[in-house]
Structures are given as structure tokens and as C-alpha cells.
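Shown next, in C-alpha cells, is the structure this report addresses.
The values are calculated or read from the model by the stated rules, or taken from the named source; none is laboratory data. A quick note: this is a predicted structure, and the numbers were derived from the prediction, not measured. Neighbour counts are summed over all protein chains in view; Cβ atoms, including those assigned to glycine, are modelled from backbone coordinates with ideal geometry. To get the accessible areas, we keep the full protein, side chains included, count just its heavy atoms, and leave off ligands, DNA and RNA. Shrake-Rupley method; radii C 1.70, N 1.55, O 1.52, S 1.80 Å.
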Amino acid sequence: MIQLTRFYTLLLLFISCLSFAQTKIQSPKDFLGYELGERFTRHHEMRSYYEHVAATNSNVKLVEYGTTNEYRPLFVAIISSPENMNNLENIRLDNIKRTGLVKGSPTSNTTAIVWLSYNVHGNESSSLDASIKTIYELVNPENETTKEWLKNTVVIMDPCINPDGRERYVNHFYEKGNAIMNTNGESKEHREPWPGGRANHYLFDLNRDWAWQTQVESQQRIKLYNQWMPHIHVDFHEQSYRNPYYFAPGAKPFHEIITSWQREFQTLIGKNNAKYFDKEGWLYFTKESFDLLYPSYGDTYPTYNGAIGMTYEQGGGGYAGLGIATEFGDTLTLKDRLIHHYTTGLSTIEITSSHAKNVVNNFASYFKKNVENPADNYKSYVIKVGNQDKTEKLLKWLDDQQIRYGSPNASVMAKGFDYKNNKNGSFKIALEDIVISSYQPKSTLVQALFEPKTKLEDSVTYDITAWAIPYVYGLEAYATSQKIATKNYVVENADKTNLLDKSAYAYVARYESLNDLAFVTALLKKGINVRVAKKPFKGNGESFNRGSIVITRRNNEHVKGFKNVISEIAKKHKRNIYELNTGFVDSGADLGASSSYSFLKPPKVALLGGDKISSLSFGEIWHFFDKEIQYPLTTIYTDYFNRISLENYDVLIIPNIRGAWFTDDIRKKVSSWVSNGGNLVLIGNAINGVADKEGFSVSKYANEQKKKEEEKRIEALKKENILAKYGDLERKDISNYVAGAIYKVYLDDTHPLAFGYPDTYFTLKTGASRFSYLPNGGNVGVITNAKDLYSGFIGENLKGQMVESLVFGVESKGRGKVTYLVDNPLFRDFWENGKLLFGNAVFLVD
């Protein structure tokens, strides 16, 4: 009996030891089977390791916050001390209470929150592996130092913001890489094929999408981010392999609303990072290249939300592979790169932990000032309710940012800045207006996004310099220094039940927004014949503008359940349908007048992609068709363009081109297709391929005299630059640079390209290309004088060049059309007011 008892005791001890062995955390090497840096860790392998860490550590929690377009999971790991993890929800709520985003007073708990974001750019691939090493050290049972940090710090790690892009890059490397590391940059493994792994599935740069949230990854991430509102945020990147490591403090220009505390703590973090880099003899730099201005970066968006937001840049990028030979005769390896990111990640947690109380208190003071005494000179932003679709889209975006808005308590007169007319004046506040007060938790973000003119501390900047939201949405708006009392805003949804009479002669829908275009494409996909009004008309007491959609029973006899189909599509797209019981209208052209109504043929659309094509521009268009209007699109790549027949397509869209793609043969092929009835849409630099060429009337010069004057000007600039001091060259260069400036454009609203618009439009000019008015064609959108520059930086040498220039134009060529979109109306998919115009270029121009 004693022996049996001893046997069971030993058995239980063995099972206990086995259980302990199974729950003991493994190092990355033991779990993955290789040393980090020996090869790229795939996304699913990283996910498995994080799951292992969470399963073996009670102080780690995984939170899945979304899914990518290619169905890969998006998640964060939350790590802290066991005590903090047991109190995690209270820590989170305490922090949100400090911001004022929820009511209540926080406790005296001063736990700091650090958020680390990795791999926003897929081919900047070392940071995912760095995150694995970082999380292991944070839970390593033998690391007493990190345990100490976690007593007053919660760390949130997003190990891969952009899984789709990273897997695209890693797959390329595994397909083309040699078994033995090849550090020669000419080897194929170092040369990514188009479009590269930087961007997400739809080829969007997710590091430019933090504020706009056009992409599913951003939308899902920011929702979680706003539930935590971290005090520190680090965005891990890579840059050219020739560059040493970059960390904060950032470069000028700093936006003026960045507080002295945020600047000071950036410097403190930078000095702590430098301590470790100095010890190892690693090269680094600060205060250069990476500024804090554009509000949609992974450093600025958190900064404008009260955090200490920073970018860390390791040399490497997609070109570096597992290892790359540098100009100094060294080899920069993947292991080097991930170690550097691992070091700055831990250093940031360390310095935050040692100043946790100060960090939390300053964070609380930041939001207290926002609510009680906002720094913005404008105390209220007033949005006039115009087009309901645009208004609803704006309100949804404001809700996503947790920006508060309301209705005015009274209808009063006020003074302020008029966005449309670019000047100060008086205006009337109506009861139905939307008022965004600066006295709110997100005041700083409101100022950054709504201020009419961004103040530039330095004109040498990394990105666009203008983005004021009223111009983005095309809404009438005013900014005033008056504090306007508000009440809760109530959205009044218009009735769109559409109980249609099947005996109606025709159904009519207005055409004023992108939602209207999506309604049209849905009709076309159902085989419904649609016509577009070229001129205003009035029927059954209702006035309809140019572009209005007319659907007659005649010519739609083939549609089974015609009335019900129209009604269902209208209901899905929330469109109001108007019935006309006769084709004899009250005023304007009768519905049967063929010259006043265009038949809308469902176009077969092709989009050019591949080498020489801007992947970002391509992605914007691809996303527009897939997600915005759900219309079929065929993508044709440059490497086989010569072998396809354009006769199979009605519309060919050529996005921005990088370098030269048009050859004489390609130009002849495209020209012939247009002459035979094709519709060619050229965006940005793609216009250069046909400008001043036979068969196309678009030109950089109005006439020979203007051409000579421009050539003379360029020669003078060249001579000036020859004698310029080396230290002045960067300043000289920006004299010929456009950093995303907003211009007022005069539209010919009688032209189909401008249907749905008033006679003015605000364009975001992101390039220096300049074209003269079309001598033979429709100059649909033009800049007339220097005063049309409303906001943003444009080089001194270019300001005069933009006067009397084309922005949007249409040229007739044989039986076809060429549409010139000098400025990209789909830029980053956030310029909402340009989307309908692009749709018009595809569907309405005939």
C-alpha cells in the first residue's frame, strides 16, 4: 500500500512537472526553430508565437481588432504586471476619463500607456521580427528590469499593421532569394517587382491614412486606439540602407500646436535611445528629415491626440533583404536592423516608466486645456448643411475621430473666415448648421484638421501642407473666434421609402454626390437603360439640374419587375426617386428630346498598371471601383499592353506615370483607339506622354512665344543654380516644388465632366506639372490667377506658372474623347469632393 501511494505521488509529481514544462515560455529561437534575423518570420509564424506568449503568461492579453482585405488577422498584445492586468479595464477607463471623452473623475492611478506599432510599410520588414524579440524580453522570467517597468506601465504592441504588404514582400524574397545570403544589391532578391510590398492590398500607404481612415486596416485600428488613447506612440519604419538610424526629436516644421511638453519629452526619449546607441557605437541622427506637420502620419496623428508621437527609422527597407553591402564595406543584416528597433522599443518603455507619473499628469493637463482654454484662435467651426450625402459622410468621419459637434442654440450673425471666398466677413448661423467647438477633448486635432491655412515653421517638409476639411468635403464653412453655444445635433433623415407607381412615365433621381454615381452603376449592372439630362428641366413641380438621372419605362421593357428593381436599388443606396407621369415637362426639354438627354452605356473599363505606373495612383482607382462604386474593372499591365486589343474596352484609365512609358508605337495605338470611339482618361504625369505630340492638343505652352519665355526662364534658373552655394541647394530646390497646395478652380458646370458641381471646386495640387488651356476642347476646370492659391506651400518659381493653367479638360478626338485630369481627384482617397468628378470622367463624358 505504501509502495502504491509512493507510485501515485511520483506520478502526480511527473504530471505536474510535465505541465510546468508545457506552460514555460519558449524563446523565439526555441519556438520558431531559428535565430531571429536568420530569415524573415512570416505573419502566421509571428501570430503563433504571440499566441504562445499569451498562453504561457497571465500578464499578456491578445486582442484581435480586425481583418485585412486578404483575410489576415489584425491584433495587438497588451502586456503589463499581473496586478495591472487584473485592473486593466479600470486603467483604460481612468485614462479615457482624463481626456474628457467619457464622464467621470479618474483615480490617482498613474499607469503610463505605451503603444508600439510595427510594419506599417510591408517591405520595411525588420520591425515584425523586432516585435517578437521585444515581447519576449517583456515577459522573460529572468528579466527583472522589464518586470520593474511593467509595474507602472501598460505596453500595447501591434506587431504588424500591414500584413498583406509584408507577406507580398516576404513571398518575393522567399521566391527569389538565394540559400546563401547575397549582399549584392543587383541580385533579384533585392529588387522587388511592381508594386512592391510597401503598401496594403489596395496599394495605399497606411502611414498616410491615420487621420483619413480610408482603408479597412486604419478604420479598425483607430477604433481601438481611441478606446485607449496612449500617452506614448512609436511607429517603426525603415529608410534607405545608406542612412543610419533615426529617432526623435523630429525635424522642423513642427506644427505650432505641438506643446512644449511634447517636444521636451521627445528629446528626453531621444537622449535615452542615444545612450544605448552610443554604448554600442551605432550611428544615428535626430532633428532631420522627418517633420511633424501632416496630420495623418503614425507620429503626428497620435501627437494631435495628446500623445508623444514618434517615428523610428532604421536603415534598410525592401532593398536590404537579409543583408546588404554598404558603401563603408560593412554588411547591414536583418539581425542588425531588428536589434536596433528592439533597443529603441525597450528604451522608450524604460524612460516612460521612469517618468510615468509626469507623463500621465501632463497628458491630463493637455486635455484639460483643450476643454477649458483651447489654443486655437478659432473657437468654433460652422459647417453649412448642403448636400445631405456629403454632410452625412462628414458626420460619420467626425464620429470616428470622436470629434464632438452640435447645433447652434440660436440663429445669430457672426464674423469669421469664409473658406469659399478666402477672406474674413460676416455670416449668419442657421439653426440647422453644424458647429464644431474648439472647447472639447479633441480640440487640438480639430485645429490641425480644420484650420484654413497651416502655419509653416519651415517650408522644407516631407508631405502635403494643406488639407482643411471643408475643402476636402466641398462644403460651405466658416471659422470664427466666437464661442458658439450648442445643443445636441439631431440628424434628420429624409424619407426615402420610394413607393413607386408602376404606371409612371419615368423615374428621375438627382445627381449631386458619389452616392448618386454608385446608384447609377448599380442600375447599369442590372441592365437598366439610363439617360442623363444635359440641361436643367422641371417636371411635376420639381426642378432637376444637369446630370439628373432619367429612367423611362420605354426601353426598359426587358427588365422583369422593373418598378420593384428600381425601388430596391434606390432603397439600398438611400436615393429619393421622383415620378413623372408624362414626358411633357413643365420647362426645359421634353424627356424624349434625344439632344438633351444622353444614353448612358455601361462602359467596359480598363486600368493600366505595372512598371512605370505609380502604384499609389493605380491603387486609388482600383479601390474606387471595388469599394466606392462596386463596378467591374479590368486591370491591364504595361508588360503586355502591346499585345491586347483596346477595341474590347470603352474606357482606358492611365494613372500617374513614373518616368517615360509612352513610345511612338504606344501613342499611335492609343490615339487610333480614341479616334475610333474610345474614352481615354489621363491623370497627372500621364499627360506628359501625349503633351505637345501629334494628334493631341494638350500643351505645356499656350503658344510659341510662351514656350520661348519658359525655356529662357529655365535656362536662367540653371545658371543661378550653377553658382549657388552647396548649403543653399535644398532651399533652391523647393522653389520648384509643390507641397500639396489648395487652389480654387473655376468649373464649367455645363460640361458633363462637372455635372453635380457648382461653378467652383477646390483642388489639391500635388505636382509641378502645368498645362495651358486647351485650344481645341473643353477647359472644364482652370486656375485663372495667383489669388486662386488658398492654402499650402508652392515654390516661388512656380506660383506665376500656375496662372491661366488647365486643371481638368476634355478634348474631342474623332469619335472619342481624351479627359485630362492634371490634378488627381482621388488623391489618397481622402479628397472626397473629387470622387464624383473622376466618376464623371469615366461614365458621363461622351
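How much area per residue is accessible in the chain when the probe is 1.4 Å and only protein heavy atoms are counted (Å²)?
Working: 35550 Å² over 846 residues.
Ligands and nucleic acids excluded, the figure is 42 Å² per residue.
Putting +1 on Lys and Arg Cβ atoms and -1 on Asp and Glu Cβ atoms, find which of 356, 44, 448 reaches farthest to the positive end of the dipole of the chain.
It is 448, whose Cα lies furthest towards the positive end.
Under a 1.4 angstrom probe, counting protein chains only, how are 404, 92 ranked by accessible area, largest first?
Numbers: 404 110, 92 45 Å².
The ordering from most to least exposed comes out as 404, 92.
As an exercise, take the mean of 1/r over every pair of distinct alpha carbons in the range 207-344, invert it, and state the Kirkwood radius in angstroms.
Values: mean 1/r = 0.0632 Å⁻¹.
So the Kirkwood estimate lands at 15.8 Å.
Hey, any idea what Rg/Rh is for the range 291-374, computing Rh the Kirkwood way over Cα pairs?
Details: Rg = 17.9 Å, Rh = 15.7 Å.
Answer for the range 291-374: 1.14.
Between 0 and 90 degrees, rounded to the nearest ten: what's the tilt of helix 2-23 against the longest Cα principal axis of the chain?
It is inclined by approximately 40 degrees.
In the chain, what percent of the accessible surface is made up of carbon and sulfur (1.4 Å probe, ligands and nucleic acids excluded)? Before the final figure, lay out each step's value.
Working: 17380 of 35550 Å².
Carbon and sulfur: 49 percent of the exposed surface of the chain.
Any idea which of 152, 212, 79 is furthest toward the positive side of the dipole for the chain, if Lys and Arg beta-carbons carry +1 and Asp and Glu beta-carbons -1?
Checking the options against the dipole of the chain, the answer is 212.
To test your reading of the geometry: what angle, between 0 and 90 degrees and rounded to tens, separates the Cα axis of helix 126-139 from the longest principal axis of the chain?
Helix 126-139 sits at roughly 40 degrees to that axis.
Roughly how many Å² of residue 35 are accessible to a 1.4 Å probe, to the nearest 10?
Near enough 70 Å² of accessible area.
Leaving out ligands, DNA and RNA but keeping every protein chain, what accessible area does residue 98 have, in Å² rounded to the nearest 10, with a 1.4 Å probe?
30
Using bins 5 angstrom wide from zero, how does P(r) for the range 34-181 break down, in % of all Cα pairs?
Taking every Cα pair in the range 34-181, the percentages come to 2, 9, 17, 19, 17, 14, 11, 7, 3, 2, 1, 0, 0.
Can you compute the charge dipole magnitude of the chain about its Cα centre, using +1 on each Lys and Arg Cβ and -1 on each Asp and Glu Cβ, nothing else charged? Give it in debye, rounded to the nearest 20.
Numbers: 100 positive and 96 negative charges, 355 e Å.
Once rounded to the nearest 20, the dipole reads 1700 debye.
Looking at this model, which pairs from 700/744; 188/668; 97/151; 188/604; 393/765 are more than 32 angstrom apart at the alpha-carbon? Please list the in-between numbers first.
On the way: 700/744 20 Å; 188/668 34 Å; 97/151 21 Å; 188/604 36 Å; 393/765 23 Å.
Flagged as over cut-off: 188/668; 188/604.
Report, in debye and to the nearest 20, how large the dipole of the range 521-624 comes out about its Cα centre when Lys and Arg carry +1 and Asp and Glu carry -1 on their Cβ.
200
Can you tell me the equivalent ellipsoid semi-axes for the range 501-633? Use √(5λ) from the Cα gyration tensor, largest first, whole Å.
Working: eigenvalues 184, 52, 35 Å².
Gyration-tensor ellipsoid for the range 501-633: 30, 16, 13 Å.
What are the chymotrypsin sites (Phe, Trp or Tyr not before Pro) within the range 238-343 that DSSP puts in a loop, where the Cβ has at most 13 other Cβ atoms within 10 Å? Show your work: numbers first, answer last.
On the way: sites: 241, 245, 246, 247, 254, 261, 265, 276, 277, 282, 284, 285, 290, 297, 304, 312, 319, 328, 342; in loops: 241, 247, 282, 290, 297, 304, 319, 328.
Loop-located and lightly packed - 328.
Across all directions of projection, what mean area in square nanometres is found for the Cα convex hull of the range 736-846? Before the final figure, lay out each step's value.
Working: hull surface 26.6 nm².
Dividing the Cα hull surface by four gives the mean projection, 6.6 nm².
Could you tell me the extents of the range 291-434's C-alpha atoms along the three principal axes, largest first, rounded to whole Å?
Result, largest extent first: 70, 38, 27 Å.
What label, among (1) 83, 81, 68; (2) 105, 62, 61; (3) 91, 77, 70, belongs to Cα extents along the principal axes in Å computed from the structure on display?
It is the one labelled (2).
Starting from the Kirkwood Rh over alpha-carbon pairs, what translational D in µm² s⁻¹ does the range 462-546 have by Stokes-Einstein at 25 °C and 0.890 mPa s? The partial results should precede the final answer.
Working: Rh = 17.7 Å.
Rounded, D is 139 µm²/s.
Averaging sequence separations of C-alpha pairs under 8 Å and six or more residues apart, then dividing by the length of the chain, give the relative contact order as a whole percent. Let's see the in-between values first.
Details: 1730 pairs, mean separation 82.1, N = 846.
10 percent.
If one takes the longest principal axis of the Cα atoms in the chain, at what angle in degrees, from 0 to 90 and to the nearest 10, does the Cα axis of helix 260-280 lie?
50
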